[in-house]
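Participant: Here's a structure for you.
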Amino acid sequence: MKIVVWQTAFLGDLILTTPLFRSIKNLFPESKLTVITKPFGKDVLKNNPNIDKLIIYDKKKSSNLQLIKTLRSEKFDIAVSPHRSHRASYSLFLSGIPFRVGFDRAGFSFLYTKTVPHRFDGTHEIDRNLSLLKVFKEYDESKIHRFPEIFLDKEEDGYYTKLGLKSKNYILIAPGSKWKTKRWTVRGFSDLIDTLLKKGEKVVIFGGPEDIDFAQEIIKEKSGIINIVGKTSLRESFSLVKHAKALISNDSAPVHMAVSFNTPVVDIFGPTITDFGFYPYRNGVVVEVKGLKCRPCGLHGHNRCPTGTFECMEKISAEMVINALYRIT
């Protein structure tokens with residue numbers, strides 16, 4: 001049996017789909033599992049024993065027609081799509097795959113042979129994805145795996161030591177986000193770091209090249225910090241997250257990296273809410289300002305606060321984050 005899973009959403013979404021891969025293999029142990037993913041999937045899914053093949057698809061560069069031709073030639077028996085895009089629905093349909101499962105709120109959901117309810121009601125994204133498997137007669141709750149997984153080889157696992165770090169002896173901070181309103185304030189992160197340093201904590205700040213300017217605003221004129229923003233590969237970042245004493249992050253992909261390794265995580269929520277289902281699945285705590293009528297202002301946040309106040313982040317203090325940190329470490 002040949003099964004394909006379509007997940008071309010964001011980095012965090014792919015990490016949260018890894019329990020689905022293991023669960024499929026548990027239910028269908030003789031199956032061959034292919035995953036359609038964005039280019040970063042090569043790093044996220046490297047060494048994953050549950051995946052037999054990757055199809056890399058970049059919607060900005062790849063040909064959708066060619067992808068459909070590839071899928072037709074593979075002659076898959078089953079398609080499972082946690083991704084709710086129109087493209088996923090019609091591509092899987094046009095690929096001639098006989099059994100296709102997706103969410104009822106996906107674009108063109110009528111093109112699936114089976115649909116499953118999708119609601120933002122506090123159900124975690126992991127559990128939502130796994131609910132797609134309940135349509136199969138082979139479904140067995142005892143075979144369902146619920147924790148995300150990232151697999152590092154020995155050399156990758158030890159990357160953190162190259163920075164002179166010791167395992168579980170540093171606080172890792174991820175200040176970035178693709179959406180500006182999902183980033184906690186410069187003042188908040190700056191005060192947090194000052195407090196951590198006064199408490200004798202070793203502080204490491206990391207992120208992608210797009211986070212360099214924001215990180216520089218946070219740490220200017222500070223000393224005693226290891227700043228590797230824009231200097232690590234994704235696989236190197238995984239090592240740092242795995243071996244951290246704790247991670248402090250906005251509502252973004254690093255949170256789900258931490259959950260994969262069961263690293264304690266403080267998750268700072270601003271424009272988004274936990275009802276969307278992207279809170280830490282285990283070993284984490286959410287810091288947020290409750291009772292604001294403007295929350296949520298969108299599923300992903302914005303580049304500018306719609307009300308002009310940015311209350312959801314401005315009202316979060318360093319003390320709130322510190323208190324959350326020491327509740328879980």
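Participant: With a sphere of radius 15 Å drawn around the Cβ of residue 256, what net charge do the other residues whose Cβ falls strictly inside it have (Lys, Arg +1; Asp, Glu -1)?
Facilitator: Cβ neighbours under 15 Å give a net charge of -1.
Participant: Next question, about the same structure. Could you please state, rounded to a whole Å, how far the C-alpha centre of region 54-101 is from the C-alpha centre of region 134-204?
Facilitator: 32
Participant: What's log10 of I(q)/I(0) for region 155-276 at q = 0.13, 0.18, 0.19 Å⁻¹, Debye sum over Cα points only, no solvent?
Facilitator: -0.46, -0.92, -1.03
Participant: In nm, to one decimal, how far is the modelled label at residue 59 from the one at residue 141, with both set 7 Å along Cα→Cβ?
Facilitator: 3.5
Participant: Same structure again: Helix-only mean residue ellipticity at 222 nm, the chain, DSSP H runs n ≥ 4 weighted -39,500 (n - 2.57), per residue, nearest 500. What is it?
Facilitator: Here the helix-only value at 222 nm equals -8500 deg cm²/dmol.
Participant: Using 20 Å as the Cα-Cα cut-off, could you pick out the over-long pairs in 202/290; 25/46; 154/202; 166/242; 242/290?
Facilitator: Check vs 20 Å cut-off fails for 202/290; 154/202; 242/290.
Participant: Can you pull the one-decimal nm distance between simple spin-label points at residue 1 and residue 121, each 7 Å off the Cα toward Cβ?
Facilitator: Modelled inter-label distance: 2.8 nm.
Participant: To the nearest 0.05, what FRET efficiency results for residue 47 and residue 114 with a Förster distance of 45 Å applied to their C-beta separation?
Facilitator: For residue 47 and residue 114, the calculated efficiency is 0.90.
Participant: Restricting attention to region 67-165, which GluC sites (Glu not before Pro) occupy a DSSP loop and are surrounded by at most 14 other Cβ atoms within 10 Å?
Facilitator: 138
Participant: Classify region 134-188 as rounded, prolate or oblate from the Cα gyration tensor: take a ≥ b ≥ c as the square roots of its eigenvalues, call it rounded if a/c is under 1.5, otherwise prolate when a/b beats b/c and oblate if not.
Facilitator: oblate
Participant: Could you size up the charge dipole of region 169-210 around its Cα centre, putting +1 on the beta carbon of Lys and Arg and -1 on that of Asp and Glu, and report it in debye to the nearest 20?
Facilitator: Computed charge dipole of region 169-210: roughly 140 debye.
Participant: Hey, can you grab everything whose amide H is under 5 Å from the amide H of residue 145? Only 5+ residues off in sequence or another chain; H modelled, so Pro and N-termini drop out.
Facilitator: 23
Participant: For a quick check, take a GNM of the chain with Cα springs below 10 Å and name the residue from 32, 199, 69 with the largest mean-square fluctuation.
Facilitator: The residue with the greatest mean-square fluctuation here is 199.
Participant: Report the full-extension gain for the segment residue 163 to residue 86: residue separation times 0.36 nm, less the Cα-Cα distance, to one decimal in nm.
Facilitator: Working it through step by step, the gained length comes to 23.3 nm.
Participant: Oh, and also: Can you compute the FRET efficiency between residue 32 and residue 326 using 1/(1 + (r/R0)^6), with r the Cβ-Cβ distance and R0 = 41 Å? Round to the nearest 0.05.
Facilitator: 0.30
Participant: Considering only 96, 224, 277, give the residue with the highest GNM mean-square fluctuation for the chain, with springs between Cα atoms whenever their separation is below 10 Å.
Facilitator: The residue with the greatest mean-square fluctuation here is 224.
Participant: Okay, next question. Kindly provide the pair-distance distribution of the chain built from C-alpha pairs, with 20 Å bins from 0 and whole-percent values in order of increasing distance.
Facilitator: Histogram of Cα-Cα distances, whole percents per bin: 31, 55, 14, 0.
Participant: Per the Debye formula with a single identical scatterer at each Cα and no solvent contribution, what log10 I(q)/I(0) holds for region 230-329 at q = 0.11, 0.18, 0.20, 0.21 Å⁻¹?
Facilitator: -0.35, -0.87, -1.01, -1.08
Participant: First measure r as the distance between the Cβ atoms of residue 155 and residue 226, then evaluate 1/(1 + (r/R0)^6) with R0 = 30 Å and state the FRET efficiency to the nearest 0.05.
Facilitator: About 0.90, to the nearest 0.05.
Participant: Suppose each label sits 7 Å from its Cα in the direction of the beta carbon; what would the residue 69-residue 94 distance come out to in nanometres?
Facilitator: 1.2
Coordinate-derived values only; no laboratory data. Being a predicted model, the structure only gives us computed values, none of them experimental. With ideal geometry, Cβ positions are generated from the backbone for all residues, glycine too; neighbour counts draw on all protein chains shown.
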